[in-house]
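A.B. asks: Okay, here's the structure, questions in a sec.
The values are calculated or read from the model by the stated rules, or taken from the named source; none is laboratory data. Worth saying up front: this structure is predicted, and the values here are computed from it rather than measured. Every residue, glycine as well, gets a Cβ built from its backbone with ideal geometry; the counts of neighbours run over all protein chains shown. Note: accessible area is taken over every heavy atom of the protein model, side chains too, but ligands, DNA and RNA are not part of it. Shrake-Rupley method; radii C 1.70, N 1.55, O 1.52, S 1.80 Å.
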Amino acid sequence: MRKISLILALILIVVSLGCVPSGIAFAASETIYTGVLEDLQKDETFDVSEYPSKDKLTDKDKVMDVIQIAESNAGELFLYVYQPQAGKFTASEVRISQTIGDNLAPKDYKLTLLDRNGTLEKYKVEELPLVSDAERHYLIVQLARPWDKQFDNGNVAKTIVYGIEKLFTVKTTDKGLTYMEEHADSIEIVSKYVGNLRYYDSGIGMENYTSSHYVAFSTDISMDKLFEADVSYVQKDYSLVDDLAFSSGAYKDNGMYLRNTSVASVTLYSDQYSGNNSKWSIFSHTWTDIQSIDEFISNEKLETSVKNILKNKQWVLRFAKTDLQISNMGLAGKTYKFSDTSEVTILRLKYMSNGLIYNLGVIDNKQTGSSVNNPDNDQGQIIVDKLQALWDSITDFFKRLGDFFAKYWWVILIVVGVIALSLLAAFVKPIAKILWWILKIIFYIVTLPIWLIIWGVRAVKKGRDGNG
């Protein structure tokens, strides 16, 4: 931990005033910001030589690092970034939490590059509302930049991320502002796969399905238990008409009509359950929103190729559930309504490791999986298994019925005999009389012990009264 001097704190106040409205030929809403070196060099202890340019980075070097922050009196937050490769990349997002401890809540915010001078850069954090507390926290988990095919290999991701892991604490005192910087632990996603599963709901007049969206991942830390997770993603709602007569001008996104786009963030719990929308028990399916990879693979009928991908993962988060509807329009073709998810990222994990519980921000990119039109579970195998389960339940019922007959055949024989005699007596009077006398005799035989007891009690009573 290192405390920045009061001089630097006062300089940061000046920096916060370093954005002034333009008084020349610009729009009234436009703002002029001071440069990155102009801000940092107001601290007499700042030495630009400590931030050299490097053609090649060592394992200890960060591609990007936040070396300072500053608050603006206009309610803005600035980040000062050191990039050893001198402008090779431009950061596009920052993951920040303004709360810490059990209340940790990291979120992603867009960045605007204001100035670059050699290896030093100044960014403004967009749409981050600053709090007015006397003590403010800015836990910076990571910086992110767009994926670039020129530099990045492997699977195409929305972003490439760099861990920062710093907590800046700003305090307002009688003497002004003080800034403190310290290390903040985080957990990093090292392997990740985004996919979806499809479950049959119903098919009378319209085919209805439930799509379960999930992300499988492993981290740089072994987690014994995973309790909570925050996940952010983009959801797009589509309509598709399988009809050549439909105007192609209505297609707006990958040949589909995009009805709505929204950004969602959800908190998942290990004891929280979800399921598909089927009202038929044979097709119903439930799951926990947080699953170990072994539990996930054993409970789902996955394609073999997907199983191979998931082998090196540790956990699965079932972060969203959407509907898929297919309507047959006859000669007009079919209409489809469904929702897809993209730019999936894990923000926070609460877990146990070696007996200790941690609640940390996550270093993770934004990644998109395959469409819901290509689910990861084997649809044919699911139907076969469901029908097999139905047949097994039917045969099991008759087996249990047969076992009952074999064990209690005499009870069944008596019941059937009584029912048969009752029906026969209802139609043949002589048989009814015979049945009556038989039942009467049976009654007296069964109740004979009771009559004997009554007779004995009466005899004793008469003896006591002198009547015997």
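A.B. asks: Would you mind telling me the share, in percent, of accessible area of segment 267-379 contributed by carbon and sulfur at probe 1.4 angstrom?
C.D. replies: Heavy-atom surface of segment 267-379 belonging to carbon and sulfur, 1.4 Å probe: 47 percent.
A.B. asks: Place the peptides 82-92, 262-272 in order of packing, highest mean first, counting for every residue the other Cβ atoms within 10 Å and averaging per peptide.
C.D. replies: My ranking of the peptides, most packed first, is 82-92, 262-272.
A.B. asks: Please grab the % of Cα pairs in segment 42-98 that end up more than 13 Å from each other.
C.D. replies: That fraction is 71 percent.
A.B. asks: Which shape class applies to segment 170-213: rounded if a/c is under 1.5, otherwise prolate when a/b exceeds b/c and oblate if not, where a ≥ b ≥ c are the square roots of the Cα gyration tensor eigenvalues?
C.D. replies: oblate
A.B. asks: Here's a follow-up. Kindly write out, for segment 132-147 in residue order, the coupling ³J(HN,Hα) from the Karplus curve 6.51 cos²θ - 1.76 cosθ + 1.60 (θ = phi - 60°), rounded to whole Hz, with x marking Gly and Pro.
C.D. replies: Rounded to whole hertz, the list is 9, 5, 5, 10, 10, 10, 10, 8, 9, 7, 7, 10, 9, 9, x, 4.
A.B. asks: Among the trypsin sites (Lys or Arg not before Pro) in segment 175-205, which ones are in a DSSP loop with at most 15 other Cβ atoms within 10 Å of the Cβ? Mind listing them?
C.D. replies: Passing sites in segment 175-205 are LYS175.
A.B. asks: Probe radius 1.4 Å, ligands and nucleic acids ignored: give me the carbon and sulfur share of the accessible area of segment 112-156 as a rounded percent.
C.D. replies: 43 percent
A.B. asks: Another question, if that's okay. Hey, which lysines would be in cross-link range of LYS54, C-alpha to C-alpha under 26 Å, not counting anything within fewer than 8 residues on its own chain?
C.D. replies: Correct list for LYS54: LYS42, LYS62, LYS88, LYS122, LYS124, LYS149, LYS166.
A.B. asks: Here is a follow-up. Sort 69-75, 34-40, 449-455, 119-125 by the packing proxy (mean of other Cβ within 10 Å over each peptide's residues), most packed first.
C.D. replies: Put in order of decreasing packing, that is 119-125, 34-40, 69-75, 449-455.
A.B. asks: Starting from 0.36 nm per residue, how many nanometres of slack lie between ASN312 and ASN260 once their C-alpha separation is accounted for?
C.D. replies: 15.2 nm
A.B. asks: Provide the gained length on full extension for the span MET352 to LEU37, in nm with one decimal, where the gain is 0.36 nm per separating residue minus the Cα-Cα distance.
C.D. replies: Contour length minus the Cα-Cα distance gives 109.0 nm.
A.B. asks: Using only Cα atoms, what is the ratio of the radius of gyration of segment 54-183 to 2.2 N^0.38 Å?
C.D. replies: Rounded to two decimals, the normalised Rg is 1.10.
A.B. asks: Another question, if that's okay. May I ask you to derive the FRET efficiency for ASP59 and THR112 from their Cβ-Cβ distance with R0 = 35 Å, giving the value to the nearest 0.05?
C.D. replies: That pair, ASP59 with THR112, gives E of 0.70.
A.B. asks: Taking the Cα centre of segment 279-366 as the origin, how large is its charge dipole in debye, to the nearest 20, when only Lys and Arg (+1) and Asp and Glu (-1) carry charge on their Cβ atoms?
C.D. replies: 100 debye
A.B. asks: Shape of segment 133-238 from its Cα gyration tensor (a ≥ b ≥ c, root eigenvalues): rounded if a/c is under 1.5, otherwise prolate when a/b > b/c, or oblate?
C.D. replies: Prolate, because a/c is 1.5 or more and a/b exceeds b/c.
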